[in-house]
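To keep things clear, I will list the structure first and then write my remarks on it.
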Amino acid sequence: MSLLLLDSYNSRIVLISTMLLGMASGIVGLFTLLRRRSLIGDCVAHASLPGICTAFLMSHTRDFFVLSLGAIFSGLLSAWLVSALCARTKIKEDAATALALSTFFAGGLALSKMIQTSPIGNKAGIESYIFGNASTIIQQDLYVVVGVSLFCISVIGLMFKEFVILCFDQNFGASQGFSPLLLDLILMTILCFCTAAGLPAVGAVLIVALLIIPPASARLWTDNIRYMAALSALFGMLSALIGTAISALMPSSPSFSGLPTGPLIVLTAASFFIVSLLFGTSHGLLHRLNTKGGMR
Amino acid sequence: MQPTAIEVHDLCVTYDQKPVLWDIDLTVSSGSLTAIVGPNGAGKSTLLKAAMGLLQPTSGYVSIFDSTAKRAVRSIGYVPQRESVDWDFPISVEEVVLMGRYGRLGLFRRPSKYDRKIVAECLDKVQMTEYAKRQISQLSGGQQQRIFIARALAQQPDIYLMDEPFAGIDAATENTIVDILKGLQKDGKTIVAVHHDLQTIPSYFDSVILLNLRLIACGKVQDVFTAENLQKTFGGRLTILDQVTEAVRTGQQRHTQDSETEVKG
């Protein structure tokens, strides 16, 4: 209950940081969705696990800043692997993504098991990066989450028109001097930042939902990309807020350790999607029934 | 003699070690209205993309107004094929045309009132002003083509490269586009367009590039748009050859008429 009453500095910053994270992933996810690269987000998120574990094994620290560097590195590596496989072999993007995702995640699971059974101290909580647990986050981690989220939001804010042109018509953009290669690299990098920041609260397995569901819900309400970005950020923020709050309100006893935050955040996002699917003013089902025979 | 707008020198482009364009040498003179003609897979779109530096050629180079610098490429207005983009994209007509200003704005900067004024003018030129706020998925094929042309106009370039601007559009749009192209030519702009309808080439264009992996011919319509060259370009496909004969006949008729008028004048 203390979390909702905002009576401690820590609970306030837990809420603020997950809300910012929800906003950032909503906005970054909008562009990966429009670029049709949503599953790369899943790949990058799963691939961050071996990075975290390796960073922990090398540094023996729980400092989230260090761990997230490992996460970002292995996430980018997996994204690079997918594009290299597509470019140099006959393997298509879907298969390449599944291949990289499962391989990196398997590596991550093996490493985290190694860490749990190893004599290294201060290892508690490494496995919480798989499903996320907002209640175990310490203050220092939260500063990283806040910083990274603000960074991702500002990059998209600054380069909004560049990303729009990349997603809509990359050849035309290239003809105007906006290199698709460079813009894709920037987009993939902030995607990795964003998934890394989402690990403590949402976890590697489910963070992709925060990247896909808010923009997909926003699409049902509007045909304007700017409104869509704002709505997507709002849905992401509210999902993170409500999910975290429910998780904190869950009674926990010695026999029942409460529900992890990640699934609750995702289920909240999914309920926003269902509401949007029904009532969305632009492409929702009711709207479609009303304008039957009209525009899509 | 007009100065050269585009010079293509020894250009070869390959995809996966398969040649798409082979040893192309040609020049497009400034102020000309040129059609690129050739069968499917002849490398027409590839030639346009290579001219803008969107593809890395295996050998050779393209120079724009005697410059191979990347900056020169930005003086090109590009009209890609309509099918190359997702028309369900959440964006309005106005915003698509505004993209034509992005190259001039450069990184990070936002469009100004002046940019929006130019966009309004360009929408007017293609007769799409009343659709400015519409979402692009609500447009017909002809309207989609019009806004792509408006976007290139908003760039205010000296050279226009258009990939099949006449494909799948209604007659009214076709007339509008022809008027726009002729107007641009009058203003001294250079236009190169991939074109499929052989019959309209003599009336729409003054120059033609015949392409089939290699360059078959390049020059004025009356000089190189001949049955012999078209046969070389398209091979022995009969239906096309019939079309060709017809096109050449009407073309020559028109040309004779033009010369007669000139004599009279």
Of A:23, A:19, the only residue that is out of contact with any Leu (no Cβ under 6 Å at 6 or more places or on another chain), part of a helix (DSSP H, G or I) and touching a residue at least 12 places away in the same chain (Cβ under 8 Å) is A:23
Any hit, the stretch B:113-121, residues being aromatic (Phe, Trp, Tyr) and either under 30 Å from residue A:283 (Cα atoms) or at the interface with chain A (Cβ under 8 Å from one of its Cβ atoms) (or both): no
Wholly inside the stretch A:86-160, helices (runs of 4 or more DSSP H) that include 1 or more residues that are more than 19 Å from residue A:58 (Cα to Cα) and of a type in the set (Phe, Trp, Tyr) are A:128-131, A:139-158
In the set A:133, A:224, the lone residue that is modelled with pLDDT under 95, touching a strand residue (DSSP E or B) at 6+ places or on another chain (Cβ under 8 Å) and not small (Gly, Ala, Ser) is A:224
Over the stretch B:90-106, the set of residues closer than 15 Å to residue B:143 by Cβ and not in a helix (DSSP H, G or I) is B:91, B:92
Just one listed residue, out of A:57, A:30, A:67, is among the aliphatic types (A, V, I, L, M), buried (at least 24 other Cβ atoms within 10 Å of the Cβ) and more than 16 Å from the chain's Cα centre (by Cα), and it is A:67
Residues of the stretch B:41-59 being among the aliphatic types (A, V, I, L, M), more than 10 Å from chain A (Cβ to nearest Cβ), within 12 Å of residue B:194 (Cα to Cα) and not in a loop (DSSP other than H, G, I, E, B), in sequence order, are B:47
Sole miss for residue B:111 among (1) in a helix (DSSP H, G or I); (2) modelled with pLDDT under 95 is condition (1)
| said: Among the residues in the stretch A:164-185, are any away from chain B (no Cβ under 14 Å) and either part of a loop (DSSP other than H, G, I, E, B) or of a type in the set (D, E, K, R) (or both)? | reply: yes
Per the filter on the stretch A:159-216, residues farther than 28 Å from residue A:144 by Cα and of a type in the set (S, T, N, Q) are A:170, A:171, A:175, A:176, A:179
If we keep only residues of the stretch B:22-43 that are farther than 25 Å from residue B:187 by Cβ and out of contact with any Leu (no Cβ under 6 Å at 6 or more places or on another chain), then the residue surrounded by the most Cβ atoms within 10 Å (Cβ to Cβ) is B:39
Flagged in the stretch B:30-40 as in a loop (DSSP other than H, G, I, E, B) and among the polar types (S, T, N, Q), in numbering order, are B:30, B:32, B:40
Evaluate the stretch B:68-87: report whether one residue or more is small (Gly, Ala, Ser), touching a Ser or Thr at 6+ places or on another chain (Cβ under 6 Å) and in a loop (DSSP other than H, G, I, E, B). no
Q. Looking at residue A:147, is it more than 21 Å from residue B:56 (Cα to Cα), away from chain B (no Cβ under 14 Å) and without any contact (Cβ under 8 Å) to a residue 12 or more places away in the chain?
A. yes
Restricting the stretch B:125-141 to residues that are more than 21 Å from residue B:167 (Cα to Cα) and surrounded by fewer than 19 Cβ atoms within 10 Å (Cβ to Cβ), the one farthest from the other protein chains (Cβ to nearest Cβ) turns out to be B:129
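The values are calculated or read from the model by the stated rules, or taken from the named source; none is laboratory data. Bear in mind the structure is a predicted one, so any value in this text is a computation, not a measurement. Neighbour counts are summed over all protein chains in view; Cβ atoms, including those assigned to glycine, are modelled from backbone coordinates with ideal geometry.
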